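We did not get these values from a lab; they are worked out from the coordinates using the rules stated. Computed from a predicted structure; not experimentally measured. Heads up, the Cβs are rebuilt from the backbone with ideal geometry, glycines too, and the neighbour counts pull from every protein chain shown.
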Amino acid sequence: MKKIIALMLILLSLSLLLCGCNKDGDTPTDAPTDKVSEKPTEPEEPEEIPEGAVILSTEAGSRVIYAEGSFDGANRIYDALMDTDPKAYNHIGYYTMLKADKSYSDDGKLEILIGMTGKDASESSRESLGTYLDYTVSVIDGSIVINSYSPEKLDEAVEYFISRIKLIGDSVVYIPEKKENTVKYADYPAPNVD
């Protein structure tokens, strides 16, 4: 009985295999189709870096400096830079990440400061904030400063910054919404007046 069932299963499998094969031998041909042929397009000119954008892939590279409690945001920015810049993996130390410390020297790298790093630019960025619910992404003294009073809003600021990173030609750039510093003020619900 087992042999008969096994034989029937083999025959069923072979019949399905043969039915699945295409007897017509339809293969793609070079015959004309109904598709309208397109005119050859001229090569596009490379996109220009907009005014007000900050080039993150400088000769020396960039350094992400994070304050106490903002490692996760710094790590997301570092990963975004590495994912955006195809040449980043070929340059060891091109993008670096450091905990805020005054002991490192200025080696010409662009600095992306996250939170209260102890640098003057971090301190002055907080002055632009109105409330605990606001955040800022600013360019101050040649550094990009991402700051807020609350960790939740600092995460929002990091996401905003990452959303504005773009590869243009061979350069990774941060493109702010407008030329001046970006401050996102909280939306307050309108009071219910009945």
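Pairs exceeding a 21 Å alpha-carbon distance, out of Lys109/Lys166; Lys99/Lys166; Lys99/Lys119: Lys99/Lys166.
Between Ile55 and Asp120, the simple spin-label model (points 7 angstrom out along Cα→Cβ) gives 2.6 nm. As a rough guide to protection, the peptides 140-148, 69-77, 109-117 ranked by mean Cβ packing within 10 Å, highest first, stand as 109-117, 140-148, 69-77.
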